[in-house]
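Please read through the structure below; I'll follow up with questions.
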Amino acid sequence: KAGVTQTPRYLIKTRGQQVTLSCSPISGHRSVSWYQQTPGQGLQFLFEYFSETQRNKGNFPGRFSGRQFSNSRSEMNVSTLELGDSALYLCASSLRLVRDTEKLFFGSGTQLSVL
Amino acid sequence: GQNIDQPTEMTATEGAIVQINCTYQTSGFNGLFWYQQHAGEAPTFLSYNVLDGLEEKGRFSSFLSRSKGYSYLLLKELQMKDSASYLCAVRGNSGNTPLVFGKGTRLSVIA
């Protein structure tokens, strides 16, 4: 079974631009969560989608948005990029909504550099 | 809110035992996870604790004390390939709560 796939693997953008990252979950998984990982802050929760609906949102500005499609694939978008948005963006999928023992399966991430 | 603390870096010798601690303060508790992340790779699941006590899985064990808000990951017979970051993550119990991660402990195994 294929794992979580994230594209692109690396991305370089300049301030003010926007970017779209893609995530394909494990086949059959319906929940997709997004995290931002930086050396100083660790993994910080962005949002979770289940059945095309955003079920939970972290403490990030409105420039960060996402969506989920009927095939469970998800995209996240960051508009008006800032230098501080440089980070590894990780997508994780799970079979159901993130609850209790439900563990997350992570992709390798998209490394975004904002110049 | 939730706060999770773990040491930033640790170094241990090949063949030895190392214990990585994690303390947490959460509004409710519904489980603690440990993940391993090699540089440039995806985090991978190691263990899950929801009840007090020790969970053993091969060379890795994880312990939980809910009353103390404390967990540790024990790695035995260290190998060079165990050099990685170890992430402690906690789930609260207020409905639809996401998994909240600590900043991770970078373990270096030396010969």
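Inspect the stretch B:16-29 for any residue being closer than 12 Å to residue B:89 by Cα and small (Gly, Ala, Ser) and give the result as yes or no.
For the stretch B:16-29, residues closer than 12 Å to residue B:89 by Cα and small (Gly, Ala, Ser): absent.
Ok, one more. If I filter the stretch A:52-74 down to residues being touching a Lys or Arg at 6+ places or on another chain (Cβ under 8 Å) and open to solvent by less than 50 Å² (accessible area, probe 1.4 Å), which single residue comes out as farthest from the other protein chains (Cβ to nearest Cβ)?
Applying the filter and picking the extreme gives A:72.
Then there's this: Being of a type in the set (D, E, K, R) and within 11 Å of chain A (Cβ to nearest Cβ): is that true of residue B:77 here?
No: the conditions fail for residue B:77.
Being of a type in the set (Gly, Ala, Ser) and under 21 Å from residue B:91 (Cβ atoms) narrows it down to one of A:92, A:87, so name that one.
A:92
Would a scan of the stretch B:102-109 turn up a residue that is open to solvent by less than 20 Å² (accessible area, probe 1.4 Å) and in contact with a helix residue (DSSP H, G or I) (Cβ under 8 Å, 6 or more places away or on another chain)?
Yes, there is a match, as at least one residue in the stretch B:102-109 is open to solvent by less than 20 Å² (accessible area, probe 1.4 Å) and in contact with a helix residue (DSSP H, G or I) (Cβ under 8 Å, 6 or more places away or on another chain).
Where residues in the stretch A:6-19 are exposed (fewer than 15 other Cβ atoms within 10 Å of the Cβ) and assigned to a strand (DSSP E or B), which of them is farthest from the other protein chains (Cβ to nearest Cβ)?
A:12
The values are calculated or read from the model by the stated rules, or taken from the named source; none is laboratory data. Everything numeric in this text was worked out from a predicted model, so none of it was measured. All Cβ positions, glycine included, derive from the backbone under ideal geometry; neighbour counts span all protein chains shown. Each accessible area value is taken on the protein alone, full model and side chains, heavy atoms only, with ligands, DNA and RNA left out. Shrake-Rupley method; radii C 1.70, N 1.55, O 1.52, S 1.80 Å.
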